[in-house]
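Please treat every number below as a calculation from the coordinates, not as lab data. Predicted, not measured: the structure shown is a model, and the values here were computed from it. No Cβ is skipped: glycine too gets one built from the backbone with ideal geometry, and neighbour counts run over all protein chains shown.
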Amino acid sequence: MKKPKRISDNLIVLYAAIFAIFAFLFLHLFFKQGVNDFTIEILAATLGASFTVTAMMVVMKLQTRHEREGEFAKRLFDKKIDLYQSILEVIFRMDDDNVIDKEEIEEIENKIGEAAMVANADLVSGFSQFIVQLKIYGCMYPRSMNKKQINHFVKYFKKHENFLANIYQKLETPLGEETFEDYFISLDNLVQLIREDLSVVEGDIQEMLEHFVEMPVDKFKLMRDPNIVD
């Protein structure tokens with residue numbers, strides 16, 4: 001989308017430059033004809049006005065286009081935020097109750113279908129593999145996979161490499177039972193892909209996110225009952 005617009009802007013500048021060159025040559029030709037000073041003043045004023053109008057038209061056209069693109073980019077960003085938040089809310093809700101049922105998978109699938117309208121290719125491919133995994137294994141994390149599921153995962157994605165997310169297409173590590181975690185799209189991978197799609201935050205947070213997501217509430221039985229805030 002951006003490339004044709006950039007070409008159009010360049011054409012406008014090119015046409016303006018060609019117009020200026022021809023105008024200069026035209027004026028130079030008149031000077032050679034020995035015209036009187038009054039004619040030269042009229043011609044200079046006409047050309048000056050033409051240059052000014054042309055320059056203003058170019059500037060206004062480019063400014064209007066940039067303002068329109070800026071407004072569209074803002075609305076698109078806001079739409080992305082809303083869609084991605086709604087997807088993550090459902091996923092975290094599944095994670096909280098430790099139950100992944102058919103209705104929740106279908107809800108996520110529908111929301112991801114909407115998000116595919118605005119998400120970049122890497123994120124859409126990540127969403128796609130995530131849903132495929134949920135439909136086949138009902139797991140959000142590689143640690144939840146049993147041996148039978150892992151074995152099927154390896155065979156299935158070796159046979160259907162096009163189902164792998166873009167971020168895994170060029171991995172040099174062969175897909176196997178020992179390395180399947182490197183090819184598994186989990187919640188932390190999705191969040192990182194969303195951050196990269198939004199392009200407003202920096203850093204890789206995948207491991208950081210997994211630290212608190214995988215920690216069960218009161219894992220070491222150290223919370224007080226009732227757990228009153230002092």
Fewest-first ranking of 170, 74, using other Cβ atoms within 10 Å as the exposure measure: 170, 74
Length gained, residue 52-residue 89, 0.36 nm per residue minus C-alpha separation, equals 7.8 nm
For the stretch 119-213, build the convex hull from the C-alpha positions and give me its volume per residue in Å³. 101 Å³
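Could you calculate the contour length gain from residue 78 to residue 63, that is, 0.36 nm times the residue separation minus the distance between their Cα atoms, to one decimal place in nm? Display every interim value, and only then the final one.
Details: separation 15, 0.36 × 15 = 5.40 nm, distance 2.26 nm.
Going from the current span to full extension adds 3.1 nm.
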Sort the following peptides by mean Cβ neighbour count (other Cβ atoms within 10 Å, averaged over residues), highest first: 155-165, 110-120. 110-120, 155-165
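Under the 0.36 nm per residue contour assumption, what length would be gained going from the current alpha-carbon distance of residue 110 and residue 18 to full extension?
Length gained between residue 110 and residue 18: 27.9 nm.
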Considering only the other residues whose Cβ falls under 11 Å of the Cβ of residue 123, what net charge follows from Lys and Arg at +1 and Asp and Glu at -1? -1
For each of 199, 144, 128, count neighbouring Cβ atoms within 10 Å of the residue's Cβ, then give the residues from fewest to most. 199, 144, 128
Ranked 106, 71, criterion: other C-beta atoms within 10 Å, fewest first: 71, 106
How many nm is it between the label spots at residue 71 and residue 199, if each spot is 7 Å from the Cα in line with the beta carbon? 2.1 nm
